[in-house]
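Before any comments, here is the structure.
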Amino acid sequence: MTFSELLLIITGIAATIGAYLLARYVQGRYPIIHPILISAGLLIAIIIAADIPLEAYAVGGEWLSMLLGPATVALGVPIYKHREQIAQQLKPIIISIVCGSVIGIVSVAFMLWVLTDAQEIILSMLPKSVSSPISIEITKVLQGVPELAAVFSVCTGLFGSVFGITILHKFGFRDDMSIGLAMGTAAHGIGTARCLANSEEQGSFSGLAMGLAGVITSILFVPIYMWLIP
């Protein structure tokens, strides 16, 4: 590894962590603002203003991306700690996640069918409620645009994280199980992070819903693929 490569790695990591810490500080003063929105916007502004090639930033940023795997696996800890409560409610939990996954696909399909006839956009947005790696792979199989799928997935997670719990409260849902299952099913990892910030119990249900929704959604797309792709 050359000195310039090491410098790029350190710079990418330092810029990402610094932007996120600043975003958390701003969120502490203005709770409605999501830290991912601030940190992502700040990093984009720095890259554009300094005319830094995205590939150069990614050299360091990819090191942090490697931690996403262990972080996702770590979601199993709160799930294990609340396993007895989950086991007692397993049937309604699975039914809720299946219904949420189906509604997430059908509602988007209907909305886009009314608003546009661009098939690539429709296929890329259908798996928006699952995490980006899953939505990208589903979109590849459906012959959509993986880059659009990633954008739609992240935007869905951000919207759910910022407004999801407030909307659920408006409809009278205030218990940790209901909120966690709804957020994990509809807003995947970003929504789960918001739930974990509220309580471990809420985060455990959200993490469980995120994982099961990914599996269930992938299965639901098997007949959709057989119908759409000759």
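Overview of values
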item: Cα-derived Rg to Rh of the range 146-227, Kirkwood definition; result: 1.03
item: Exposure of residue 173 as accessible area (Å², to 10), given a probe of 1.4 Å and all protein chains; result: 90 Å²
item: Of every Cα-Cα pair in the range 85-219, the percent that sits beyond 17 Å; result: 56 percent
item: Longest to shortest principal axis, alpha-carbon extents of the chain, angstrom; result: 55, 45, 33
item: Evaluated over the range 166-206, the Cα radius of gyration and Dmax, each in Å; result: 8.8, 23
item: Radius, Kirkwood style, for the range 63-111 when every pair of distinct Cα atoms is counted (Å); result: 13.4 Å
item: The range 103-155, accessible surface, carbon-and-sulfur percent (1.4 angstrom probe); result: 72 percent
item: Reach of residue 91 by Cα under 20 Å, taken over aspartates and glutamates that are not fewer than 8 positions away in the same chain; result: 175, 176, 201
item: Å² per residue, accessible surface of the chain at 1.4 Å; result: 59 Å²
item: Calculated on alpha-carbon atoms, Rg and Dmax of the range 1-127 in Å; result: 20.7, 56
item: Solvent-free Debye scattering, log10 I(q)/I(0), computed from the Cα coordinates of the range 12-67 at q = 0.14, 0.18, 0.22, 0.26 Å⁻¹; result: -0.38, -0.60, -0.83, -1.02
item: Helix-only [θ]222 nm of the chain, DSSP H runs n ≥ 4, -39500 (n - 2.57) each, per residue, nearest 500; result: -28000 deg cm²/dmol
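The values are calculated or read from the model by the stated rules, or taken from the named source; none is laboratory data. Note that this is a predicted model, so its numbers are computed, not measured. Each accessible area value is taken on the protein alone, full model and side chains, heavy atoms only, with ligands, DNA and RNA left out. Shrake-Rupley method; radii C 1.70, N 1.55, O 1.52, S 1.80 Å.
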